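Scroll down for the structure; my scribbles are underneath it.
Values in this text are rule-based calculations from the coordinates and carry no lab data. Remember, predicted model here, so these are calculated numbers, not experimental data. Because the Cβ atoms are built from the backbone with ideal geometry, glycine has one as well, and the counts that use them run over all protein chains shown.
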Protein chains: 2
Amino acid sequence: MSAPERFSGVLTPVITPFHEDLSPDPERFIQQCRWMLSQNVGLSVFGTNSEANSLTVEEKLDLLDRLIDAGIDPLKLMPGTGCCALGDSVKMTAHAMKRGCGGVLMLPPFYYKGVSDDGLYRSFAEVIERVGSADLRIYLYHIPPVSQVGLSHDLIERLVRAYPQTVVGVKDSSGDWANTEGMIKRGWDDFRVLAGSETFLLQNMRAGGAGCISATANVNPAAIHELYEKWRDPAADDMQAALDDICGVFQPFPMIPALKVASAHYSGDASWETVRPPLMALTAAQKATLLDGLKQRNFDMPGLAEAAIS
Amino acid sequence: MSAPERFSGVLTPVITPFHEDLSPDPERFIQQCRWMLSQNVGLSVFGTNSEANSLTVEEKLDLLDRLIDAGIDPLKLMPGTGCCALGDSVKMTAHAMKRGCGGVLMLPPFYYKGVSDDGLYRSFAEVIERVGSADLRIYLYHIPPVSQVGLSHDLIERLVRAYPQTVVGVKDSSGDWANTEGMIKRGWDDFRVLAGSETFLLQNMRAGGAGCISATANVNPAAIHELYEKWRDPAADDMQAALDDICGVFQPFPMIPALKVASAHYSGDASWETVRPPLMALTAAQKATLLDGLKQRNFDMPGLAEAAIS
């Protein structure tokens, strides 16, 4: 196993397929991951849009093992490993390292609110010290609209200084471009700032960012990756506008069930629609509006069916 | 095992002691629980103030087993069993039932925000159906300041109607008396409304509530239980004021480390001060102010030392 390179480009929080009894379906999960890789999209499995926090640690470790055992390159994997309990974060992160993952995406503990930077520093530092792997590459996960526990620039700087070879990037899902730009401007050495949505991809590349981790890349991977490749192109603004147009079809709906509706429709496999509580599937009317919006744009998910076969 | 009676009275989210390496200390945990029972305070172990969401499922199951194996009456136990992942909530709740616990306190899944009542209903219903125990008594845990996922009265009513022998009460930690009173006024049959703090104990008893689950009962159990017993007394308002006075000494500080400082000081066991990240211990100055405030009020924790010996 070679030491992992730092991530750049487009990754996606891979949606997690469930059986009707709500257990995870490893086969369709492998299929989705293979399709993503065929579209040059990296695998940020167990992210927010993966319903990761509705999965037990055991379920996630099993899914990770099955991906890698099925031949998925672990260096393309950036599993989410940050949990509320220290022991869970350590267990998940250590397992990801054991399996050679290219990095991990780490939420802070998110139950207790109003905690201090000192407390959050201590949380991340304990995980790093206990895992104790020179190959560990952590991408911090800043998503205050959901976690309600944000990561300040000062906290990140303190972690980068203490662990420069370990704390190597961030996913910024604040939706606040000024926050993303502010991190880039800090100029931490080779620090990878990944926007939390492709909406900010072009802005992020122009400002010196490293790419994005995009929920919509689950369904629209090729076009998002193309903008990453061609962001210096004169057509880049038009490409961004086209991405935003597709993203806008999803935005009126809860994102996770909406992504799953598209996957179900374009793969021909209705079981993709299943979500775990507390989420609910889209209503029939929501589904119709979403799919109609995609149809109007001649949207497609080419290659998905072939990935299922291979 | 007899079918559990519904809880009333005073319970506490028992603080969880840690060793220096941050592992839980079952011996001091048993001691604290014994002391609580000797003061007529029930055991809502694994609540918010127990740092429960900084503990893994395995750590909690082990602590629960050790309490019961040490002779703690399971009917006095109302462990917190609500987790983000369905499988974890089912595992914890089923284990609590297997061990004969009097009830469980159940948080909703708290990572995903803005979820619907339908989604939350589905979450609780799945746990109930999967555990499938006639002895299961659930107390719903409404704590929007921390969980950021609240339980509406309509949601609770729907659960009470669907599972009248199972969904039997609520802990209201909203800090909003109108919300607590509103639930009592709904008049659900024999439904136990427990205030989330002793600050609302007298109001709650006068309105027809069942008692409280109080963090401060970890350190001031006898006085809180006395008000529960004597709420019809002419002196009740003075007793409530005295409770509020003690609670007010703790309130300027983060509650969990403050409770632990008091436990450490009055038990003579400094190791009580250890908290898990993301929490931080009080600073020396905070400790001094807190302990000075308690000393000024001739505060004591009588019987704690004896519980340690027994």
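So the values come out like this:
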read-out	value
Centroid-to-centroid separation of segment B:55-89 and segment A:154-172 [C-alpha atoms, Å]	36 Å
Spin-label model distance (nm) - B:ALA207 vs B:SER8, 7 Å beyond Cα toward Cβ	1.7 nm
DSSP-defined beta bridges in segment B:123-219 - what % are antiparallel, rounded to 5	0 percent
Antiparallel DSSP beta bridges within segment B:9-224, percent to nearest 5	5 percent
Linear extension gain, A:ALA305 paired with A:HIS153, 0.36 nm per residue minus alpha-carbon span	50.5 nm
Per-copy distances of the B:PRO234 label point, shortest first, in nm (7 angstrom along Cα→Cβ)	9.4
Most positive-pole-ward Cα, B:LEU37, B:LEU194, B:PRO145, against dipole of segment B:9-224 from beta carbon charges	B:LEU194
Beta carbon of chain A nearest to the axis of the rotation taking A to B, residue and angstrom distance	A:GLN148, 3
Beta bridges per DSSP with both ends in the protein assembly as shown, % antiparallel, nearest 5	5 percent
For A:86-98, mean number of other protein chain Cβ atoms within 10 Å	2
Dipole magnitude of segment A:9-221 about its Cα centre (Cβ charges: Lys, Arg +1; Asp, Glu -1), debye to nearest 20	480 debye
Neighbouring partner chain Cβ atoms per residue of B:266-279, average, 10 Å criterion	4
Expected 222 nm ellipticity per residue - DSSP helices of 4 or more, -39500 (n - 2.57), all of the protein assembly as shown, to 500	-13500 deg cm²/dmol
Nm distances between copies for A:ASP176, ranked from closest, using label points 7 Å along Cα→Cβ	2.4
Distance histogram in 20 Å bins (all Cα pairs of chain B, percent per bin)	35, 60, 5
Convex hull volume per residue for the protein assembly as shown, taking Cα atoms only, in Å³	151 Å³
Cβ charges +1 (Lys, Arg) and -1 (Asp, Glu), total dipole of the protein assembly as shown, debye	40 debye
Label 7 Å beyond Cα on the Cβ vector: B:GLU20 copy-to-copy distances, nm	5.7
In nm, spacing of pseudo-spin labels at A:ASP62 and B:ALA222 (7 Å Cα→C-beta vector)	5.2 nm
Amide H within-cut-off set for A:GLY80, under 5 Å, with H built and near neighbours excluded	A:VAL45, A:PHE46, A:GLY47, A:LEU105
Inter-probe distance in nm under a simple model that places probes 7 Å from Cα toward Cβ, at B:ALA162 and B:ASP190	2.2 nm
Gained length - A:ARG232 relative to A:LYS98, 0.36 nm times residue gap less alpha-carbon distance	44.4 nm
For a label point 7 Å along the Cα-to-beta-carbon line of A:ASP21, residues of segment B:106-148 with backbone N under 17 Å	B:126-132
Cross-link table A:LYS76/A:LYS171; A:LYS76/A:LYS98; A:LYS171/A:LYS230; A:LYS230/A:LYS260, entries beyond 23 Å C-alpha to C-alpha	A:LYS230/A:LYS260
Per-residue mean of C-beta atoms belonging to partner chains within 10 Å, peptide A:140-148	2
Relative packing of peptides B:48-59, B:19-30 - highest average C-beta neighbours within 10 Å first	B:48-59, B:19-30
